[in-house]
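Structure, as structure tokens:
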Amino acid sequence: MLDADFFRRWMTATAASVDREAERLTALDSPIGDADHGSNLQRGFTAVRAALEKEAPGTPGAVLILAGRQLISTVGGASGPLYGTLLRRTGKALGDAAEVGAEQLAEALRAGVQAVMTLGGAAPGDKTMVDALLPAVEALSDSFAAARAAAEEGALATTPLQARKGRASYLGERSIGHQDPGATSAALLIAALVEAGGE
């Protein structure tokens with residue numbers, strides 16, 4: 001079972017991963033976006049880490065709701081509201097349970113991804129973070145490692161796609177051949193589940 005400590009470790013591991021990969025995320029964002037995806041997420045997850053050090057929410061849901069709130073208030077561009085919505089909706093779906101199983105997390109994360117799709121109007125194949133998140137949610141009930149592999153595969157699979165949502169969609173066919181930075185950062189979030197000690 002996964003408790004609040006696990007969820008804090010998940011957010012902290014994500015922050016560390018975003019720190020390590022910020023330059024690569026910005027480099028991916030450069031040809032098809034505003035070249036700020038890495039720096040924006042780095043600022044957001046630094047704020048998440050600081051907030052979790054200051055207060056220690058007692059349930060998994062509360063950890064994610066706090067993290068989501070921080071991302072919405074500190075990250076510019078589209079990624080703040082999208083990541084914030086993902087984590088807040090997932091947190092709300094987990095409710096007040098002190099511990100949750102992997103199956104509950106998968107269901108809650110599914111609700112979070114649906115909220116992201118509603119907010120951004122994105123569907124699978126639109127070359128967005130959804131292309132990494134949906135396969136990860138499907139694989140999550142097998143294991144966190146399977147979810148990580150599915151998310152990484154989903155992010156890589158955005159390279160030949162033409163963007164149909166977000167800033168990259170303005171480029172039309174010129175967006176083809178570039179891996180989507182949002183899908184790439186979403187894969188980091190999922191991979192951090194494994195780093196946090198999940199099975």
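Positive end of the dipole of the chain (Cβ unit charges, origin at the Cα centre): among A187, A149, L52, the Cα lying farthest that way belongs to L52. Counting Cα-Cα pairs of region 82-199 in 5 Å increments starting at 0 gives whole-percent bin shares of 2, 13, 22, 24, 19, 10, 6, 3, 1, 0. Taken per residue, the accessible surface of the chain reaches 42 Å², heavy atoms only and a 1.4 Å probe. Within the straight-line cut-off of under 26 Å between alpha carbons, the lysines reachable from K54 are K92, sequence neighbours fewer than 8 places apart in one chain being disregarded. Helix 60-74 axis versus longest C-alpha principal axis of the chain: approximately 40°, rounded to the nearest ten.
Take the solvent-accessible surface of the protein heavy atoms, probe 1.4 Å, and return the percent of it on the chain that carbon and sulfur atoms account for.
On the way: 4230 of 8350 Å².
Within the chain, the accessible surface is 51 percent carbon and sulfur.
What FRET efficiency would be calculated for the residue pair D3, E138, taking the C-beta separation as r and a Förster radius of 25 Å, to the nearest 0.05?
Working: r = 25 Å, r/R0 = 0.99.
Efficiency, rounded to the nearest 0.05: 0.50.
Taking a straight line from the alpha carbon of K165, these lysines sit under 26 Å away, with near neighbours fewer than eight places off in the same chain left out: K127. Can you tell me the orientation of helix 79-94 relative to the chain, as the angle in degrees between its alpha-carbon axis and the longest Cα principal axis, to the nearest 10? It is inclined by approximately 30 degrees. With N counted as the residues of the chain, its alpha-carbon radius of gyration over 2.2 N^0.38 Å works out to 0.93.
The values are calculated or read from the model by the stated rules, or taken from the named source; none is laboratory data. Predicted model, so just to flag it, every value in this text is computed and none were measured. Neighbour counts are summed over all protein chains in view; Cβ atoms, including those assigned to glycine, are modelled from backbone coordinates with ideal geometry. These area figures cover heavy atoms from the full protein model, side chains too; ligands, DNA and RNA do not enter into them. Shrake-Rupley method; radii C 1.70, N 1.55, O 1.52, S 1.80 Å.
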